[in-house]
Structure formats: C-alpha cells, structure tokens
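Beneath this line is the structure, given in structure tokens, with notes to follow.
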Amino acid sequence: MQSARERILGRIRKASGPGQAASAGTADSQALIAAQPAAQASLRPIDDVPAEFCQQALAAGVELHYCDELAALPAACAKVLDAQARLTVSTAQALAHMHWANSVQPYVRGSIEVGLVQARLGIAETGTACFDSRDVPSGLLFLSDILLVVLDGRHLVDRQESAWQRLGPVGSALHLVTGPSRTADVEQTIQVGAHGPRRLVLFLVGGGLAQVVARHTQPAPSLITLASSP
Amino acid sequence: MAAQRIGLFATCPVDLFRPSVGFATAALLEAAGFTVEVPPQSCCGQVSYNNGLRDDAREVAWQLVQAFEPYDYTVLPSGSCAGMISHHYPALFAGDVRLPRVEDFCQRVYELTTFLVEVAGFTRLADNTASLSCTYHDSCAGLRELGIQAQPRELLGHCGGVVLKEMTDTNVCCGFGGTFCVKFGKVSAHMADAKLDNALATGADLLLGGDVSCLLHLAGRARRRGLDLQVRHIAEVLAGALSQPAIGEAAGQGSGKGRAP
Amino acid sequence: MSAVRQFNTRAHKALADSQLQRALAKARSGFVDKRAHAAASEPDFEHMRDQAREVRQRALANLAMCLEQFEQQVLAAGGQVHWAETPDDLRRIVIDICRDSGARAVTKGKSMVGEEAHLNVALEAAGITPWETDLGEYIIQLAKEPPSHIVAPALHKTRGQIEHLFRDAHRLGERALDEVSQLVDEARAVIRERFLNADVGITGANMLIAETGTAVLVTNEGNGDLTARLPRTHIITTSFDRVVPTWDDASKIIRVLARSATGQPITSYTSFFSGPRAGNEQDGPDQFHVVLLDNHRSALLGTEFETMLHCIRCGACMNHCPVYQAVGGHTYNAVYPGPMGAVLSPLLRGAPQDDALPNASSFCGRCEAVCPVRIPLPGLMRKLREREQQQTPAIASRWLLRLHARLSRHPALYRSLTGWGSRALALAAGGRGRLRRIPLLGGWSRERDLPAPQGGSFQQQWQARKGRG
Ligand code: SF4
C-alpha cells in the first residue's frame, strides 16, 4: 500500500510542470527551481543604506541611538535607562562580559524587564534587526518588556537578499525583528506590546553614523522609564 | 475625406429603459464629426458569460462582432459592456478560428467618455445655463478593466455649469452586479445605500455614472427610499439632453434639481 | 434550502446585527487606507507584485521537487515531515505527536490549516487543552466562534464584546478594561503564563523554503515565536502549497505580504525555523514536526484553478470586498471567507457545483486589483459558476438566461421584443416614472423600484426618427 506521502506526491507529479518528474537533491534540480526569468529585474538600489535603515526603523517604532564604539555603550545605556532596571543578557554574547552600570543577569525563561541583545545584521529596506538563535535565545527577544538592541553600524545591508548572503548558515531560528511587538486585533487599533517587547531601543555602534542618526532622530529621544515602575 | 463611421451599440438597459442616453451618445458623436449608425443589436453576452453560460455568451458575442465590425469604431455608453467586449471577448474565443476577427474588432471598441477624450479629442460640450451640482460614481468594470476615471471628469470639466463634488468611496461597487442584485437583493441594497449615502453627503443634486445598469439599480433604490437625489447617465449631461426626467422620475416630479429648467 | 438562500439567511442576520456592523465599519477604511498608503509610498510595489507572482508560479511548476527537497532538508536538520491527505489525517498526526510528547496543554499560533481541520475540537476531545495565543484567535476561542477573517480573526468583535468575554473568562474584580491597551495587557498577562507552561506549540507557516527545509512565520504580536520556541515540541500545520524554492524567493513574498495585509513594509516579526534546536542553543524545541495537508489541493494543480494556490493569505481581497464589508466573514460559513474563500472554500469542500459562494460576488474586481500575486479571483468565480451550470440540473432561472441568450442571437427579433417590452413597462408605470412591484421580477422589486422605460426602445425610436429624417 502506498503511503500518504507517495499518493500526494504522485498526484502532484501527474499534474504537468517541468520539474515534477525530476528528483530532488541534484545540482540540476537546484538550479532549475532557483532559475528566474531574465525579466525579473532587481528592485531599485538603496543608495544611502544607513539613512534608509534609520528612516525605516524609526517608522517601525524603534527608538534609535548612536555611540561611536562599544566601550561607550554602557555609559550611553545608563543615560537612557532607569537606574533600577535590571538587564538580562545572553551568556553567548560578548555584551554579557562588559561592565554595566545596571545590574545584569543571565537569561532564564520568565518575564524580563530589559533584555540586552546584540543583532547580527541590520536590513535597511525595513529597519530590521536579525538575530541568530545560536547567539541569542529566542525567549530573550520575546519575553522582554523592553528590548535593547546593539547593532554594529558596519553591519548594515540594503535588502534581505544581501542579509542572507552575509549571514551564511544560521541556527535553528533566525528572527527578523522590526520595531516593538504590536497587535491590531481589538477594533483594528494598533497597540504595542502584544506579547513581546513594548519598546525596542536600538543602539547603532560605530561606522561613523553619528550624523546620520542625529539627522533622523530630531528632537532628541527622551529618558527611558520602565513600563512597570510608577 | 468622408466622416468616419461609428456603430453605436446602445446596450440592453439603454435600449429598453433609457433611449435618451442612446440619443445623447449619438448627438455627442455626431457633434464630434462622426457618422453614427445603429445596426440591429441585442446583448453583448455579459449576462450569459457571468452566469457561467460560456457557450451561449460566445454565440451572442459573435452576432455582435459581425454586426459591428464593418464600422471604423464601435462606441458604447457603458464601461461594463465595453469591458466585456474588449477584455473578455478575446478570452472567450481563445482557440477559436474566429479569434483574429474578434481581436481586430475589439481594438476598435470604445466606451463613450474614453472615445471622446482619447480618440475624438472633443471638448465642445453642453453649456448648461443652470448650475448642476454633480457627483460621479465610477462603475466597476469601466474603472478596473478599462481604466475609466479621469476621462468622465475631464469631460465634465469642459461642461458649462457643472460643479463636481467627489464622494468618498467613489470607486466602490454600487451593488448592482448583474444577477447578483436579484440573487442577493438585501446585500445589494445595502451596498447601494452606502453609495447613495456617500452621494448625498456631498450635497450634490445629481448622481452621475457611466452605466445605465448601475444607475437603474441606484435610482430604483433611491426612489424606494424616497431620497432627494436625481440619477442620470453622464452622456445626458455632456450633451445637455436634460429634457427627459431623471432615471425613475415622473415628468414634473421630484425637487426639480438635476433637470433643465 | 438552496445554497444561495442559506447564504442570504446568514447575510440578512449579519446586516441586522448592529454590533457586527459597527465592527465592520471600524475595519473598513483602516485596511483600505493602509494598503493604499503602503502601495503609494513604495515606488517598486507593482514590480514587487510581479516578482511575488513569479515566485508562486515557479514554486508550483516545480512543486514535487521543491517538496522533496524541503523534506530532505528538514530530515537532515533532525526534524520530521508528515503528509496528511485529509483534515482527519492531520488531526490524527497532530494528536499522536502531542500524546508522544505527553502534552496536556498546547499553545497555538494562528494556523488557517489548523482551522481547516478543526484542530481545537479534536485536541479537546483527546484531552489536550488548546491555548490560542494570537490575540484575535484568543478572543474568538473565548467566544467559541470560528475566525471571520484570515488575518484578523476577531474582526467581527467590538471592544465592548471583547471586554465582556474577558470579564467572563478572567477573574478581573473591579479592574478597568475600558482602553484597548488594558484589554491587550489583560490578554498578555494570561497568555504569558501559558507560553511558559505549554508542552507543545502548534503554529502555521506562511512559507516553507525548499532549499533549507525552513518554515517562515510572520506575526506582529510575537506569539508565534513564543509558541514555536519555548515548548519541547513544535508542530507546524500547513499545506504543501506554501513552499517556495529559496530564501531570496521568500523575501519576494515577504515584501508584498504585510504591505497588502496591514500596510506595513514588514511585520514586527518574521522568523525562519529550521529543525530542532542545536545542543548549544538555549531555546528552541527538541522535536520539530511539519505536517503538510493536501485536502483537495493537489487536484487543483494543472487545472484552471491552479492560480488559486498562488494565494499568500494576505487578506487584501476580503479587506477590499464590498460584499465582505457588508456581511462579514461568518456569512460565508467557510474557513476561508471573502473573495479568495469564494473560490477556495468550494474547491476544498470538494463539491463546488453546489456552492453559493462563487455567486455571492458583484464581480466588481476590486479583489483582483489588490491581490499581491494578481490572482484573477472574479475569473475563477466565473469558472465555478460555469461548473455549476454544467453539473447541476437546470432550474427556472437558467431557462430564462438561456432564452435571453437565444433571443440575443437574433437581433431583429430581439429588437421587436424589447420595443414591445419597453412600451408595456412604460404603460404599466402609467406616468409615475417607476414601478414598485413587477410580476416575475420580485428579486428586483423587493428592494428597489424599477425605473420606468421612457416608452419605446431606443432601436425603435431611432428607426422611427431616421425614417422621418
Ligand atoms: S487571494 Fe490574493 S488578496 Fe486574497 S488573500 Fe490570497 S493573496 Fe491575498
């Protein structure tokens, strides 16, 4: 007796199409299914990648900051963070070993005040930060009330396709994060902080982007206060 | 040079209910310098086509093609029927030996306002002495299959006395939809009500459109609700042919708005 | 009762439901305006739509190969792929996995395939508690209702109704729930506990990427990720037609998905899941299962309905549908409502010729105009109407239609008949300009008057004038 798999694939193969008969896994089939018609020209180039990143991230509700080097980050964070705020970090990331003004604890599952994570890449077309599950546990991204994202200013790419190239193989999950968590399920009213972070604060570090960030973040962002504090 | 000949395809609803739109169309085309003829005609086949009777639709279509292909142009005061012809006839005759003739014909078929703007370049339109406060409903097939949106507004702009007040959701369906309006009467009426309410909200006296079928539905609903809103086909306004009562109105009835004094 | 009449019975109830009408009115302009803005502010948008459509075409043209590759890659990553021919198969597979995991409670992300299989009912019957985590799904789970929209399942609920549901289900005391933010926070607190306690997480997938055996999940809330990554077992319930060849192809779908659905360039979260967690990863499932449902889809391949499988479930067609906007999703009485549902639901039910849904459209074409992958939805509905005409016994209305077509093929005869008819109707109107009741045309005159003809058909009058002239 045939299995459901064989019956379904059998029906699919019977329907016409150049690739239905070939078997998977060969170099030929790879090339065939990825081959795109020449008419599929690429999208318009993004000329100023950092500027596009800033603009899109802000439009997505990201709070944007800049500091010149990683060493300056704790001071910059302290400036925008409530003194009592406790940071939760991934022990797999270098951030865990830096010296912070706020208290720091390693990630365990549960509700988290402030998650501090480093992104692998930023994608300009949507102002998106990319996280690999090998260095940031998924829960840290989604269980934090406030998510502080550190992103190297030299790790910005124009579009997703470039990100896939730059990233290479990733872990069991790759998370693209664009702004805070939100929902519109109650009367189509957009409300942030559905299940994940209510705020997403992003520090671009290095890459000489001080002016670009400043240009996009006028007026200056205000002090971060914890949602839970009175 | 002899004037180019136009076959005027009036469409079923004009033929049966609103001859004044046919005459207004003819008047506009003649004023633009064309010779207008009205060969024996019936339906474009859309009724059969949209109700799943494809073979019937094809044969109805074929009599129309034969009747109208001798003319330089075929012009219709309807975006819906024009869309049926130029958009769907070629698909209907796919794989049929008659396809080349059908395609050649379809290229010479025009909805009225498109023809006046894009082929005839005609701008000497009616100069109404009374001011006509109008709003315009974009009928669906004309809008989405033929891109009719700017043309009627441009023509109204050349028309004396016309004040155009755009309504919200002018591009949303009025709920006519052929047999839809009969099969799903209450849903259809609900859609008509939204359209009529939007039209009323502009404060316009006259609701115009490019398809008599939609307008019969809207006028019928407006009369049933007792609304103070007149409904007309745009051709009547463009030709200044307002002597007939508006659609669904008795002579000498209504507020008097939207009629020539 | 005929299918059309049943649809109308539900429609009439919906039109008279003031709460529903309120909720629909709230949704109406929001979706339309946001998509219009997204389309207008992206110069490449039309090009993006073409690219997305090409991806879907190419995926289906190479479907068997894509699926085999997807399966190989999932297996290589340590996951499993299951094939379900019917909704029943899917339910059985999912429940078996849950039992193997010793699951008593499962968190669920939104999955239309899960809805197709009525998975929650089956889980409960098996003694497993399903916890919906998408806010909209959570609301309708409390209300014990099916979703009314494929993207916004609780679109038909007003804020007041949601507050009532929460008050009944949660121990709230005097806590205020007047603001949308309070409602969202309330659900957040309740569901947060569930994320941390579930044994199994079940989500759908917006796409499957063949080249790496990856499932793509798109949400704004982040519920899908917490459902997928915290429990020991992650089950993805989806249909095989979600597959795309490569990551670059997935990007092309992502670009049009949120823009069409909610007007965002991208959703807050777009996640790519490839197998169970590696040893050094702190979060992620130990078991990773993908269940692929067929349920009549394979029968659509190579037919005139194949383009329906291009659908990326953005919901734009229903957001822009005036019929959907008038009557809401439940009137369709189908898992998939609106224009895409009017095509897909009858096909998935397997007896499309008996269905009202393809008829419940005015063919205004707005759905096709906004569909990101340009599915000719009215054209497909028309093809379903053709099937109905071919496969069901003729009723009176069809004889009328056929008679009309017959007459139309003989213009001279037609002309004399319309001339006569026009006169007769004008006479019946008796100078009132309209008729309130017309024999045989009750469908028309129940809701509207019939404007009276002007007296004599156009063709007759034209002949007469030319004759005189
Ligand atoms: S049919 Fe098109 S518009 Fe409708 S949900 Fe599918 S992709 Fe979106």
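Which residues, counting only those in region C:178-203, are assigned to a loop (DSSP other than H, G, I, E, B) and surrounded by 19 or more Cβ atoms within 10 Å (Cβ to Cβ)?
C:ALA198, the sole residue that qualifies.
Taken over region C:322-351, the criterion of being near the ligand (Cβ under 9 Å from one of its atoms) and assigned to a loop (DSSP other than H, G, I, E, B) is satisfied by C:TYR336 alone. Among the helices (runs of 4 or more DSSP H) confined to region A:1-63, the ones with at least 1 residues that are modelled with pLDDT of 95 or more and out of contact with any strand residue (DSSP E or B) (no Cβ under 7 Å at 6 or more places or on another chain) are located at A:4-14, A:49-59. For region B:35-58, filtering for residues that are facing another protein chain (nearest Cβ under 7 Å) and surrounded by fewer than 18 Cβ atoms within 10 Å (Cβ to Cβ) leaves 1. Filtering region B:3-34 to residues that are farther than 22 Å from B:PRO245 by Cα, open to solvent by 10 Å² or more (accessible area, probe 1.4 Å) and in contact (Cβ under 8 Å) with a residue 24 or more places away in the chain leaves B:ALA3, B:GLN4, B:ARG5, B:ALA31, B:ALA32, B:GLY33, B:PHE34. For region C:374-383, the set of residues classified as within 11 Å of the ligand (Cβ to nearest atom) and either surrounded by 22 or more Cβ atoms within 10 Å (Cβ to Cβ) or part of a helix (DSSP H, G or I) (or both) consists of C:ILE375, C:LEU377, C:LEU380, listed by residue number.
Can you pull out the residues in region C:281-300 that are in a loop (DSSP other than H, G, I, E, B) and open to solvent by less than 10 Å² (accessible area, probe 1.4 Å)?
Here is the first cut: in region C:281-300, the ones in a loop (DSSP other than H, G, I, E, B) are C:281-286, C:294-297.
Those that are in a loop (DSSP other than H, G, I, E, B) and open to solvent by less than 10 Å² (accessible area, probe 1.4 Å): C:GLU281, C:ASP283, C:GLY284, C:PRO285, C:ASP294, C:ARG297.
Among the residues examined, B:ALA67 does not qualify as more than 29 Å from C:GLY379 (Cα to Cα), at pLDDT 95 or above and either open to solvent by 10 Å² or more (accessible area, probe 1.4 Å) or of a type outside the set (A, V, I, L, M, F, W, C) (or both). Within the option set C:GLU368, C:GLU386, being in a helix (DSSP H, G or I), within 12 Å of the ligand (Cβ to nearest atom) and open to solvent by 10 Å² or more (accessible area, probe 1.4 Å) holds for one residue only, C:GLU368. In region C:210-222, the residue that is nearest to the chain's Cα centre (by Cα) out of those that are part of a loop (DSSP other than H, G, I, E, B) and more than 7 Å from chain A (Cβ to nearest Cβ) is C:GLY213.
Conditions (1) more than 8 Å from every other protein chain (Cβ to nearest Cβ); (2) in contact with a Leu (Cβ under 7 Å, 6 or more places away or on another chain); (3) open to solvent by 10 Å² or more (accessible area, probe 1.4 Å), marked per residue:
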position: C:LEU208; (1), (2), (3): yes, no, no
position: C:GLY224; (1), (2), (3): yes, yes, no
position: C:ARG232; (1), (2), (3): yes, no, yes
position: C:ILE236; (1), (2), (3): yes, no, no
position: C:PHE240; (1), (2), (3): no, yes, no
position: C:VAL243; (1), (2), (3): yes, yes, no
position: C:PHE272; (1), (2), (3): no, yes, no
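Only one entry in C:GLY78, C:GLY114 is open to solvent by less than 60 Å² (accessible area, probe 1.4 Å), in a loop (DSSP other than H, G, I, E, B) and touching a residue at least 60 places away in the same chain (Cβ under 8 Å), namely C:GLY78.
A:SER111 falls short on exactly one of the conditions (1) more than 9 Å from chain C (Cβ to nearest Cβ); (2) open to solvent by 10 Å² or more (accessible area, probe 1.4 Å), and that condition is (1). Consider region B:165-197 and keep the residues that are open to solvent by 10 Å² or more (accessible area, probe 1.4 Å) and in contact (Cβ under 8 Å) with a residue 40 or more places away in the chain. The one that is farthest from B:GLU154 (Cα to Cα) is B:THR179. When you check B:LEU116 against the structure, is it more than 10 Å from every other protein chain (Cβ to nearest Cβ), touching a Phe, Trp or Tyr at 6+ places or on another chain (Cβ under 6 Å) and closer than 21 Å to B:SER139 by Cα, yes or no? Answer is yes for this residue. Candidates C:LEU435, C:LEU427: the one that is open to solvent by 40 Å² or more (accessible area, probe 1.4 Å) and among the aliphatic types (A, V, I, L, M) is C:LEU427.
Counting only helices (runs of 4 or more DSSP H) that fall entirely inside region A:120-225 and contain at least 2 residues that are within 14 Å of another protein chain (Cβ to nearest Cβ), the qualifying elements are A:138-142, A:160-167. Filtering region C:1-29 to residues that are open to solvent by 20 Å² or more (accessible area, probe 1.4 Å), small (Gly, Ala, Ser) and within 30 Å of C:PRO346 (Cβ to Cβ) leaves C:SER2, C:ALA3, C:ALA16, C:ALA25, C:SER29.
The values are calculated or read from the model by the stated rules, or taken from the named source; none is laboratory data. None of these values were measured; they are calculated from a predicted model. Note that each Cβ is placed from the backbone with ideal geometry, even for glycine, and that neighbours are counted across all protein chains shown. Note: areas computed on protein heavy atoms with side chains; ligands, DNA, RNA excluded. Shrake-Rupley method; radii C 1.70, N 1.55, O 1.52, S 1.80 Å.
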